[in-house]
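One structure is given below, encoded as structure tokens.
The values are calculated or read from the model by the stated rules, or taken from the named source; none is laboratory data. Just so it is clear, the structure is predicted and the values come from calculations on it, not from any experiment. Methodologically, a virtual Cβ is constructed for each residue, glycine included, from the backbone with ideal geometry; neighbour enumeration extends over all protein chains shown. The accessibility values were calculated without ligands, DNA or RNA, using every heavy atom of the protein model including side chains. Shrake-Rupley method; radii C 1.70, N 1.55, O 1.52, S 1.80 Å.
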Amino acid sequence: MAVSPYVADKKKLEKFRKLLLQEKKRILDRVFQKEDIIKKMTEEGLTIPEELDDYARIDYTEFILSELEDIEIEILQEIDKALQRMEEGTYGLCEVCGKPIEEKRLEALPWTTLCIEHAAEAEKTRDLIDHRYTVYLRESLIPYYEPLEEDVKEEGEDK
């Protein structure tokens, strides 16, 4: 098996680890903002992660999972698998051809396991989580990649 160039380059590996943890944090923070979840976590003796690295070690309890969309659960699972691949030294390698996944692709979808070529092939025959996640982001109320309007208008007024 090929050696991942991302694992050999500690700076790049840390960059992708940070991207994975930031996405995990973004998904989980939506749940952690709810008072009833905070109360249940406190009752269970759990705490809300304070540091980005703490998100790598969080346990998914039933009440956290019940607050998430199915696609979010899938992405969290894929993030955890990607973090595991980092530890195993296989992160960033296409699971089909074994070649390094394009860096731009990993920047956009740091948990992906397919290079662009094989992702395009796979989309023809199966429903890829990468594609479904992109659709999910586009359809969410305030996608993370679109800046919020700085001047929010009063409801019913045109200014």
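Side notes on the structure shown:
- The residues of the range 1-24 that are open to solvent by less than 70 Å² (accessible area, probe 1.4 Å) and either in a helix (DSSP H, G or I) or touching a His at 6+ places or on another chain (Cβ under 6 Å) (or both), listed by number, are Pro5, Tyr6, Val7, Lys12, Leu13, Phe16, Arg17, Leu19, Leu20, Leu21, Glu23, Lys24.
- Selection within the range 42-53 - open to solvent by less than 50 Å² (accessible area, probe 1.4 Å) and free of Cβ contacts under 8 Å to residues at least 12 places away in the same chain: none
- Contacts under 8 angstrom Cβ, first residue in the range 10-33 being over 15 Å from Arg57 (Cβ atoms), partner open to solvent by 90 Å² or more (accessible area, probe 1.4 Å), 6 or more apart: Arg26/Tyr144
- Test result for Lys99, within 17 Å of the chain's Cα centre (by Cα) and open to solvent by 70 Å² or more (accessible area, probe 1.4 Å): no
- Of all the criteria given as (1) at pLDDT below 90; (2) buried (at least 17 other Cβ atoms within 10 Å of the Cβ), the one not satisfied by Thr113 is (1).
- Residue within the range 63-74 that is part of a helix (DSSP H, G or I), in contact with a Cys (Cβ under 8 Å, 6 or more places away or on another chain) and surrounded by fewer than 20 Cβ atoms within 10 Å (Cβ to Cβ) present: no
- Arg57 open to solvent by 40 Å² or more (accessible area, probe 1.4 Å) and modelled with pLDDT of 80 or more: no
- Restricting the range 75-96 to residues that are among the β-branched types (Val, Ile, Thr) and open to solvent by 20 Å² or more (accessible area, probe 1.4 Å), the residue that is nearest to Leu21 (Cα to Cα): Thr90
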